[in-house]
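Only one structure is covered here, and it is reproduced in the block below.
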Amino acid sequence: MKRSIIWILTIVMTTALLGLLAIEVVYMENMVKMRNEQFGEIVTRSIHEVSTMLEQNETKYYLDQDLQEAAAYRTAPQVDFGDLAGDSIAADEAIKGMTIKRPANFNTLKDLNDSYLLKQEILKEQYLYQQSLLNEVILTILTQSSDRPISERADSTTVREYMEIELENNGLELPFEFAVTRRGGTLVYSTAQYDSIVNAGVQPYVQVLFPGDPAGKQHYLNVVFPTKGGYIFSSIKFIVPSIAFTLILLAVFIYTIIIAFKQKRLSEIKNDFINNMTHEFKTPISSISIAAQMLSDDSVRKSPEMLRHVATVINDETKRLRFQVEKVLQMSMFDRDNATMRLEEEDANALVESVVSTFKLKVEKYGGSITTELDAEDPIVNVDRMHMTNVVFNLLDNAIKYRREDEPLHLKVSTTNPSETTLQIVVEDNGIGIRKEDLKRIFEKFYRASTGNRHDVKGFGLGLAYVHKMVTLFGGSIRAESNYGSGTRFIITLPLYS
Ligand code: ADP
């Protein structure tokens with residue numbers, strides 16, 4: 001797949017997924033807003049009803065009081081009107097009682113007329129009585145009710161009871177806390193949890209109590225719902241999984257795209273590697289071929305000096321070829337598991353010594369020197385000989401590749417036993433060093449520090465990744481320390497053979 005197609009796919013998919021996510025979030029916000037408004041409406045309606053019920057309660061209180069007073073100080077002519085307060089059936093019965101008291105000779109038209117008039121008279125008297133009673137009650141409410149303590153007019157138990165009834169009627173059965181306050185906010189009373197909930201930042205719903213009271217004496221009912229948040233959230237719960245799924249989709253998509261780019265890079269690098277290797281193979285092959293042609297020449301065969309020269313060329317070029325083949329093998333190691341490993345008892349000192357001796361000439365060719373300090377008393381480790389040799393080889397090869405031009409190369413390889421169970425191999429150079437930010441990443445596959453190109457040094461960023469992989473497979477670890485500009489130390493720690 002072309003890079004541009006991957007990019008187009010990335011942009012289209014990311015836009016679509018982000019769009020979906022945005023729609024879900026906006027939808028959720030709107031739902032929350034709507035639910036909040038709905039909640040507010042229900043609560044406002046309920047507490048308004050509570051306030052009306054309290055007012056009705058108060059009217060009944062004064063009506064009862066007046067009726068009791070009337071019963072004590074007034075005697076109705078034939079009917080006890082005290083029983084009539086608010087009870088029309090009782091009134092009818094009373095009127096019926098009146099008619100029972102008709103005279104025994106009730107049989108003429110005049111008698112009927114008298115009876116009718118009497119009944120009318122009673123009803124009129126009854127009406128006037130009720131009217132005066134109501135007038136008295138209204139007057140009392142207007143003049144005296146606001147002097148009654150609010151805790152009596154709207155006591156906590158009644159308010160709670162009314163609130164519960166009204167909220168249930170409106171389909172909102174949630175726990176609530178409330179308080180009654182004076183104008184200006186002074187508290188008259190509150191329920192146990194009210195303060196802590198308001199202090200936590202919850203805004204109360206407010207309703208004026210007894211709106212007919214003079215403005216200066218007005219009281220307010222404040223109600224809060226501790227579980228309101230949960231109630232609102234319960235209505236949008238179903239969107240949460242949908243948002244979660246969209247996020248998962250987005251994450252999986254991003255991961256897939258990263259993999260696609262990595263694969264793309266890998267295939268490009270593999271192609272580069274193959275092209276490079278073909279080129280690298282061609283040079284020694286053509287040199288060996290020329291040497292072979294020279295050997296077929298009689299004059300060359302007769303001169304021992306020329307023969308020695310041709311032999312050296314063939315030897316050097318085959319070494320070069322072997323080195324290239326080794327690199328191809330290392331590259332292929334990344335795609336395979338560790339089935340090709342053959343772990344054996346190996347003497348690390350001897351192994352280091354043999355790799356160093358093959359490097360000595362190369363280092364001296366660049367005017368440098370290589371020294372060893374093989375101090376490990378117990379050098380036996382459990383490794384694959386071929387791969388362990390490659391590990392040391394790669395480190396020494398890098399030290400030569402990343403040497404300084406202005407300074408002769410000094411390389412030191414040492415072995416020690418830092419503990420009874422481990423062995424350490426340290427490869428130290430005085431090369432160009434590695435920047436701190438690169439140091440963390442040099443063991444990553446394909447990672448090359450920018451200085452890697454400074455000397456026009458060819459590489460694929462695979463050498464140290466291979467070293468890291470091998471050392472880990474041997475059960476050990478590797479770390480690097482470096483002073484940028486003055487040198488690098490690679491420290492390999494391996495478990496001893498047991
Ligand atoms: P390559 O050499 O092919 O680039 P490596 O994996 O061997 O890949 O090394 C990764 C990077 O680490 C190199 O690009 C180089 O910048 C840095 N590096 C490795 N060894 C040394 C060293 N001895 N001195 C300085 N830099 C080094």
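The values are calculated or read from the model by the stated rules, or taken from the named source; none is laboratory data. Predicted model, so just to flag it, every value in this text is computed and none were measured. Because the Cβ atoms are built from the backbone with ideal geometry, glycine has one as well, and the counts that use them run over all protein chains shown. These accessible areas exclude ligands, DNA and RNA; they are computed on the full protein's heavy atoms, side chains included. Shrake-Rupley method; radii C 1.70, N 1.55, O 1.52, S 1.80 Å.
What is the extension gain from E437 to V206, computed as 0.36 nm multiplied by their sequence separation minus the C-alpha to C-alpha distance, in nm to one decimal?
Result: 77.1 nm gained on full extension.
With both partners inside the chain, how many of the DSSP beta bridges are antiparallel, as a percent to the nearest 5?
So the antiparallel bridges amount to about 85 percent of the total.
In region 266-332, the portion of solvent-accessible area held by carbon and sulfur atoms comes to 60 percent [1.4 Å probe, whole percent, DNA, RNA and ligands not counted]. As a length-normalised measure over Cα pairs under 8 Å and 6 or more apart, the relative contact order of region 150-228 settles at 33 percent. Against the criterion of solvent-accessible heavy-atom surface with a 1.4 angstrom probe, H309, H387 sort, most first, into H309, H387. Once the Cα atoms are used to define both axes, helix 348-365 deviates from the longest principal axis of the chain by about 70 degrees. In order along region 418-425, the Karplus-derived 3J(HN,Hα) couplings, from 6.51 cos²θ - 1.76 cosθ + 1.60 at θ = phi - 60°, round to x, 9, 5, 10, 10, 10, 10, 10 Hz, and Gly and Pro are given as x. Average accessible surface for region 150-228: 50 Å² per residue, computed with a 1.4 Å probe over protein heavy atoms with every protein chain in place.
How high is the FRET efficiency between L21 and S477 when r is their beta carbon distance and R₀ equals 51 Å, given to the nearest 0.05? Here the calculated transfer efficiency is 0.75. Angle of helix 109-143 to the longest C-alpha principal axis of the chain, folded into 0 to 90 degrees and rounded to 10: 40°. Label reach from M13 (point 7 Å along Cα→C-beta): in region 217-260, amide nitrogens under 15 Å belong to 246-260. Packing-based ranking of 217-223, 236-242 yields 217-223, 236-242, ordered from highest to lowest mean Cβ neighbour count within 10 Å. Potential lengthening of the chain between Q293 and E377 amounts to 25.1 nm, from the contour at 0.36 nm per residue minus the alpha-carbon distance. Shape class of region 340-495 from the Cα gyration tensor (axes a ≥ b ≥ c, square roots of the eigenvalues): prolate, since a/c reaches 1.5 or more and a/b is larger than b/c. This model, with +1 at the C-beta of Lys and Arg and -1 at the C-beta of Asp and Glu, gives the chain a dipole about its Cα centre of some 2960 debye. Of the peptides 22-31, 427-436, 178-187, the ranking by mean beta-carbon count within 10 Å, highest at the top, reads 427-436, 178-187, 22-31. Spacing of the modelled spin labels on T421 and L139, each 7 Å from Cα toward Cβ, amounts to 10.4 nm.
If we sort 288-298, 344-354 on the protection proxy, mean other Cβ atoms within 10 Å, highest first, what's the order?
344-354, 288-298
Its relative contact order, with pairs defined as Cα atoms under 8 Å and 6+ residues apart, puts the chain at 11 percent.
Between helix 463-473 and the chain there is an angle of about 70 degrees, using the helix long axis and the longest principal axis of the Cα atoms.
Backbone amide hydrogens, once placed in the peptide plane, bring V188 within less than 5 Å of V180, T181, R182, excluding anything fewer than 5 places away on its chain.
Round to the nearest 0.05 the FRET efficiency obtained for I236 and F446 when R0 = 51 Å and r is the Cβ-Cβ distance.
The formula returns an efficiency of 0.65 here.
Extension gain, N199 to N36: 0.36 nm times the residue separation minus the Cα-Cα distance gives 56.6 nm. On the basis of the beta-carbon distance and an R0 of 35 Å, R301 and V325 show a calculated FRET efficiency of 0.75.
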